[in-house]
Amino acid sequence: MGLFHRIKTSLCALVSGRYAWPGLDISLPGGQHLHLVGSIHMGTRDMAPLPPRLIKLIHQADALIVEADISGNETPFRDLPPCPPLRERLSKSQYQHLETLSDELGLSLALFDTQPLWQIAMVLQATQAQKLGLRPDYGIDYQLLNCARETQRPVIELEGSESQIALLHELPDGGLSLLDDTLIHWHTNARLLQVMIGWWMEQPPIEPPSLPNTFSHSLYDVLMHQRNLAWCDKLHALPPGRYVVAVGALHLYGEGNLPSMLKT
């Protein structure tokens, strides 16, 4: 993305009063003024540095709020107990699908053999993002965390990594539905990633976008809707002040999205 286009996009956003990234402001009855940011957890080199206007909002905030503080070096997958072999946990067609995709990505299926199915899904998704040129250190929440540290802004977690892992542990059948959805919607997920990158590099949605559903209904309820409900309660419980709240971009849109819950 050329520098001229980025300047033009930023100027248009300033004139229209909108933001040049997926973001919106919500004030709650308790005096909490929130700037919601639709984050992408991995980004491209052109997504750094953050827009100056967003950095200014961090400077003015009483705290940065994120799903989990990912600025440390600890792996969230440590000390996981081994699982039975994949052939005992997957159908023949699921196993073949995973085997084919692993070969395409240059991943050894043997490394997955005793991992939880939800962990395999997350590794596949992260590898897909890397193949598209995305890196964790250019992710929006990672950059926001660095900015908050530099300006000594407090960081508040909505969940934390341990809670997120606990949630994945509780998925039925070891997370089979998450792996299945990852395999079935593989190409749709790639296109969706590119759309979300466009929200940061070109223009955020003016109207609520129509997005493909890449989760089964039950999985969407657990990973999106129920988490939005819990976050809504936590944001309402904050003391009065100004906060920048970074959550995955898809939590801002679609059925049962976080902004709609906060406004009700």
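The values are calculated or read from the model by the stated rules, or taken from the named source; none is laboratory data. None of the values given here were measured: they were computed from a predicted structure. Reconstructed Cβ throughout: ideal geometry from the backbone, glycine too, with neighbour counts over all protein chains shown. These area figures cover heavy atoms from the full protein model, side chains too; ligands, DNA and RNA do not enter into them. Shrake-Rupley method; radii C 1.70, N 1.55, O 1.52, S 1.80 Å.
Here are some notes:
- Compactness of the chain, expressed as Rg and Dmax over alpha-carbon positions, Å: 19.1, 59
- Accessible area, probe 1.4 Å, largest first, for residues 234, 56: 56, 234
- Candidates 245, 66, 195, ranked by Gaussian network fluctuation over the chain, Cα under 10 Å, top entry: 195
- Helix-only CD estimate at 222 nm, as mean residue ellipticity for the chain, using -39500 (n - 2.57) per DSSP H run (n ≥ 4): -14000 deg cm²/dmol
- With both labels modelled 7 Å from their Cα along Cα-to-Cβ, the residue 132 to residue 192 distance reads 1.0 nm.
- Look at the alpha carbon pairs under 8 Å that are at least 6 residues apart: their mean separation over the length of the chain gives a relative contact order of 38 percent.
- Angstrom value of the Kirkwood radius, inverse mean 1/r, which spans all Cα pairs in the stretch 136-264: 16.6
- Put a dot 7 Å past the Cα of residue 255, heading toward its Cβ, do the same for residue 75, and the two dots end up 3.7 nm apart.
- Taking the longest Cα principal axis of the chain as reference, the axis of helix 186-201 is set at about 20 degrees.
- Cut-off 20 Å (backbone N to label point 7 Å along Cα→Cβ of residue 226), residues of the stretch 168-201: 168-182
- Portion, in percent, of the accessible area of the chain that falls on carbon or sulfur, probe 1.4 Å: 55
- Calculated translational diffusion coefficient of the stretch 44-140 (4 °C, 1.567 mPa s; Stokes-Einstein with Kirkwood radius over alpha-carbon pairs) equals 79 µm²/s.
- Taking the stretch 80-209 and dividing mean pair separation by its residue count, relative contact order in percent (alpha carbons under 8 Å, at least six apart): 29
- Long-range amide H partners of residue 32 with built H, under 5 Å: 241
- Beta bridges by DSSP in the chain, antiparallel share as percent, to the nearest 5: 30
- Å² per residue, accessible surface of the chain at 1.4 Å: 52
- Here's the picture: charge each Lys and Arg Cβ at +1 and each Asp and Glu Cβ at -1 in the chain, and of 129, 158, 22 the one pushed furthest to the positive end of that dipole is 22.
- Cβ-derived FRET efficiency at R0 35 Å, residue 149 paired with residue 211, nearest 0.05: 0.60
- Compared with the dominant principal axis of the Cα atoms in the chain, helix 140-150 is inclined by about 50°.
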